[in-house]
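Visitor: Can you keep this structure in mind? I'll have questions shortly.
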Amino acid sequence: MKLTVLVDNNTFSDNHFYGEPGLSYFIETNNQNILFDLGFSDLYLKNAKKLNIDLAKTNTIILSHGHNDHTQGLKFFPTLAKKINLITHPDCLLAKYMGNEYIGSPVLKNQARNRFNYFETKQPYFINSKTVFLGEIKEKYHFEARKPIGIIIKNKKKQGDLLLDDSALAIKTKKGVVVITGCSHSGICNIINQAREVFKIKKVYSVIGGFHLRQEGKSKLKKVAEVLKDNVSGIIYPAHCSDFEAKCYLSKQLKTKPVFVGREISFN
């Protein structure tokens, strides 16, 4: 399995890629080309072109959740001769607001059905025998209890958005199971636990993506680090919405590597 970072908040000297506050990964695995999230703009298309990645070969798009720093790029995805698969949680393509500001996907459900083979599920969904969209994440760790972020329009009613749509991808590789996250609003520890349960394993090998650890106190960081040490056997790659303090703290506890636009990570 090979993962290429198309969009992240970070870039690296002399690579000359653009970054933005968003996330997008291109994943090549088990005869599947998966586009995981599409960032905040058309930047993923520009970076993919520079990396000589042909996104027309994408089989499946997976959206980790419905916030626009992960879905806005959907409106720029080119129309292909064949409809490709789009997989999300049922709440992902509902309208979302922060005050008067729209923060949801620019493509809602009816539009998605017209453009893609759209599939929505709360249950874990196997794309193939080794690749699973984790569905709605169960809460195991109470220190990661969901808190509403903005408003979601559900059944024509406004309600606090608990980000039930926040999910992740898990892929079984030769080194072990790799978990790929978008923002981890549902809790990075809860996500890892769900991957372990789905694959019936004691530990995952690696985790890459947004850990949603921003301005957290040492108490929570300590709890997260303890769970990761117990449940991850290899390397972690905190990205996107993981702040400097969290990255530094985790790097002292676990084997940690940086994420930046253009980085290629292989798990062979």
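Taken together, the values in this text are just the output of simple stated rules run on the coordinates, not laboratory data. These figures come from a predicted structure and were not determined experimentally. So basically every Cβ, Gly included, is an ideal-geometry build from the backbone, and we count neighbours across all protein chains shown.
Visitor: Could you check, for region 43-50, whether at least one of its residues is under 25 Å from G187 (Cβ atoms), touching a residue at least 60 places away in the same chain (Cβ under 8 Å) and of a type outside the set (F, W, Y)?
Guide: no
Visitor: Take F126 and tell me if it is more than 30 Å from N100 (Cα to Cα), in contact with a strand residue (DSSP E or B) (Cβ under 7 Å, 6 or more places away or on another chain) and loosely packed, with under 13 Cβ neighbours inside 10 Å.
Guide: In short, yes.
Residues checked against (1) in a loop (DSSP other than H, G, I, E, B); (2) in contact with a Phe, Trp or Tyr (Cβ under 6 Å, 6 or more places away or on another chain):
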{"residue": "L6", "(1), (2)": "no, yes"}
{"residue": "D14", "(1), (2)": "yes, no"}
{"residue": "F26", "(1), (2)": "no, no"}
{"residue": "Y44", "(1), (2)": "no, no"}
{"residue": "N52", "(1), (2)": "yes, no"}
{"residue": "Q72", "(1), (2)": "no, yes"}
{"residue": "K75", "(1), (2)": "no, no"}
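Visitor: Mind listing whichever residues of region 87-118 are without any contact (Cβ under 8 Å) to a residue 60 or more places away in the chain, more than 18 Å from D69 (Cβ to Cβ) and under 17 Å from the mean Cα position of the chain (by Cα)?
Guide: Of everything in region 87-118, just one residue is without any contact (Cβ under 8 Å) to a residue 60 or more places away in the chain, more than 18 Å from D69 (Cβ to Cβ) and under 17 Å from the mean Cα position of the chain (by Cα), namely I87.
Visitor: I'd like the full set of residues that are out of contact with any Lys or Arg (no Cβ under 8 Å at 6 or more places or on another chain) and either in a loop (DSSP other than H, G, I, E, B) or among the polar types (S, T, N, Q) (or both), limited to region 130-163.
Guide: L134, I137, K138, K140, A145, R146, K147, P148, I149, N155, K156, Q159, listed by residue number.
Visitor: Considering only region 197-226, state which residues are of a type in the set (A, V, I, L, M, F, W, C) and either within 14 Å of the chain's Cα centre (by Cα) or not in a helix (DSSP H, G or I) (or both).
Guide: I201, V204, V207, I208, F211, L213 - these are the residues of region 197-226 that are of a type in the set (A, V, I, L, M, F, W, C) and either within 14 Å of the chain's Cα centre (by Cα) or not in a helix (DSSP H, G or I) (or both).
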